[in-house]
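Peer 1: One structure follows; several queries about it will come next.
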Amino acid sequence: MDTNMIVTLTVEDLRQVFREEIRSEVHAAVKQLAPREELPRFLTREEAKILLRVSETKMSELMGRTDFPVCREFGVKINTDELFKWVEANTPALHKRHHSLSVI
């Protein structure tokens, strides 16, 4: 029995398939993560390290960067909202994915 099939889709049909698949994947990923609203406004170094899933060495490297969102006014804390913005701005793969998805 032949399991190969040729399917013809319009560009709009293909876009809709992609949209549905992306929504499904995003929904599944969001379920696995703690909602952003539940995170504190400021994270400790350890909390940020766990959230980013990085090693102690990498966290030290990040904390030393001048563009990393560290607040030292009341101890060493990381602004949660600014951290997410920083990650988006500093992750090339996210830029590529966002650009390619904007075409859809």
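Peer 1: Of all residues in the range 42-68, which are surrounded by fewer than 10 Cβ atoms within 10 Å (Cβ to Cβ) and of a type in the set (Lys, Arg)?
Peer 2: Within the range 42-68, ARG53 is the sole residue that qualifies.
Peer 1: Restricting the range 22-41 to residues that are more than 19 Å from ASP81 (Cα to Cα) and surrounded by 10 or more Cβ atoms within 10 Å (Cβ to Cβ), which is modelled with the highest pLDDT?
Peer 2: In this case the residue turns out to be ILE22.
Peer 1: If a residue must be among the aliphatic types (A, V, I, L, M) and within 14 Å of GLU82 (Cα to Cα), how many such residues does the range 42-63 contain? Even if it seems obvious, please write down each step before you answer.
Peer 2: Looking only at the range 42-63, we keep the residues that are among the aliphatic types (A, V, I, L, M), and these are 43, 48, 50-52, 54, 59, 62-63.
Among the residues that remain, those that are also within 14 Å of GLU82 (Cα to Cα) are: 43, 48, 51-52, 62-63.
The qualifying residues number 6.
Peer 1: Hey, could you check the range 69-93 for residues that are aromatic (Phe, Trp, Tyr) and within 16 Å of the chain's Cα centre (by Cα) and say which is most open to solvent (accessible area, probe 1.4 Å)? Show your work before the answer.
Peer 2: Of all residues in the range 69-93, those aromatic (Phe, Trp, Tyr) come to 74, 84, 86.
Right, trim to within 16 Å of the chain's Cα centre (by Cα) and you get 84, 86.
Details: PHE84: 56, TRP86: 34 Å².
Ranking the candidates gives PHE84 first.
The values are calculated or read from the model by the stated rules, or taken from the named source; none is laboratory data. Everything numeric here is computed off the predicted structure, so don't read it as measured data. Glycine gets a Cβ as well: all are built from the backbone with ideal geometry, and neighbour counts include every protein chain shown. Remember, those area values only see protein heavy atoms, side chains included, never the ligands or the DNA or RNA. Shrake-Rupley method; radii C 1.70, N 1.55, O 1.52, S 1.80 Å.
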